[in-house]
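The structure appears right after this line, and notes come after that.
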Amino acid sequence: MNEQVRAWVRAARHIVVLTGAGMSAESGVPTFRDAQTGLWAQFDPQQLATEEAFRANPSRVWDWYAFRREMIIKVEPNAGHRALAAFARRHPGRLTLITQNVDGLHQRAGSPGVLALHGNIFEDKWLDTPKSCCNAHAAVAGSPPYCDRCGNMLRPNVVWFGEMLPVEILAAAEDAARACDLMLVVGTSGVVYPAAGLARTAAGKVVIINPEPTDLDDTADAVLPGKAAELLPQLLED
Ligand code: APR
């Protein structure tokens, strides 16, 4: 099956790669639906990653993201991230990389133009529409930092459950999916929409790369049961 998929990769004029948390698993970032470790094991991300949770307990949610930032900053892109970046360098314009991950590892590996559907954990934005007094650089340090004039709080620039995805990034991802000859769906359980829906609208062949079954297997032309950092370098070499 790998040989068949390699042939599809070679023949495709436009490849879309859609990645999820499993893409970064071999870098040491725990996936969302894995058990979390340590202090935060008792918390369900779906209960923390909402505006409601932040408003109810800002420091708890801010501290959870601070913990994840500290964890992510220590890890490195893996061979899968590197293979995607190298392919894009060798074949400019042939690959569109769409990720649900907020960890920035694709960007650190050197992938250009990454469509980060769920934002970036290392950026902050204001919780409420900023007023003229809200200056992120002058925010009072805290958990979370806040504006000393109006009390507006900074929050991570990630898409929480129940929030809209960034409109232009989603539109670009949808256009790419509708125009591709091949979509590789890597390391996502396929349960979170609208990201998972991109696989269902792909114009071309769909290949799933995941050691476990996913909710998108029914839409796939091929399912490669394996790990991202092992399979991507094999599939993407010239
Ligand atoms: N290689 C490929 N896939 C892997 C690997 C690996 N080494 N290790 C685990 N996986 C797979 C798992 O089998 C699972 O299907 O990665 C998937 C991770 O699934 P989730 O944890 O559900 O992550 P994801 O699909 O990215 O979640 C989507 O949900 O919590 C929200 O906004 C968050 O972006 C996230 C979204």
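Of all residue pairs spaced 6 or more apart or on separate chains, those with beta-carbon atoms under 8 Å, a first member in the stretch 112-133 that is over 30 Å from Ala88 (Cβ atoms) and a second member that is open to solvent by 80 Å² or more (accessible area, probe 1.4 Å) and away from the ligand (no atom under 16 Å from the Cβ) are Leu127/Arg55; Lys131/Arg149; Cys133/Arg149. For the stretch 8-19, the count of residues that are of a type in the set (Ser, Thr, Tyr), open to solvent by less than 10 Å² (accessible area, probe 1.4 Å) and within 16 Å of the ligand (Cβ to nearest atom) is at least one. The condition of being touching a residue at least 12 places away in the same chain (Cβ under 8 Å), closer than 16 Å to Ile98 by Cβ, of a type in the set (Gly, Ala, Ser) and buried (at least 20 other Cβ atoms within 10 Å of the Cβ) holds for only one of Ala196, Ala179, that being Ala196. For Glu212, the conditions (1) within 13 Å of the ligand (Cβ to nearest atom); (2) open to solvent by less than 50 Å² (accessible area, probe 1.4 Å) all hold with the exception of (2).
For every residue, the table says whether it meets (1) over 23 Å from Ala179 (Cα atoms); (2) surrounded by fewer than 21 Cβ atoms within 10 Å (Cβ to Cβ).
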site	(1), (2)
Val5	no, yes
Asp63	yes, yes
Asn78	yes, no
Arg90	no, yes
Leu97	no, no
Gly110	yes, yes
Gly113	no, yes
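Restricting attention to the stretch 42-51, report how many residues are in contact (Cβ under 8 Å) with a residue 60 or more places away in the chain and surrounded by fewer than 19 Cβ atoms within 10 Å (Cβ to Cβ). Total meeting the criteria: 3. Limited to the stretch 181-209, what total is found for residues that are touching a helix residue (DSSP H, G or I) at 6+ places or on another chain (Cβ under 7 Å) and on the phi < 0 side of the Ramachandran plot? Matching residues across the stretch 181-209 total 17.
The values are calculated or read from the model by the stated rules, or taken from the named source; none is laboratory data. Just so it is clear, the structure is predicted and the values come from calculations on it, not from any experiment. Using ideal geometry, Cβ is built from the backbone for each residue, glycine included, and neighbour counts are taken over all protein chains shown. We work out accessible area using only protein heavy atoms, side chains counted, and drop any ligands, DNA or RNA first. Shrake-Rupley method; radii C 1.70, N 1.55, O 1.52, S 1.80 Å.
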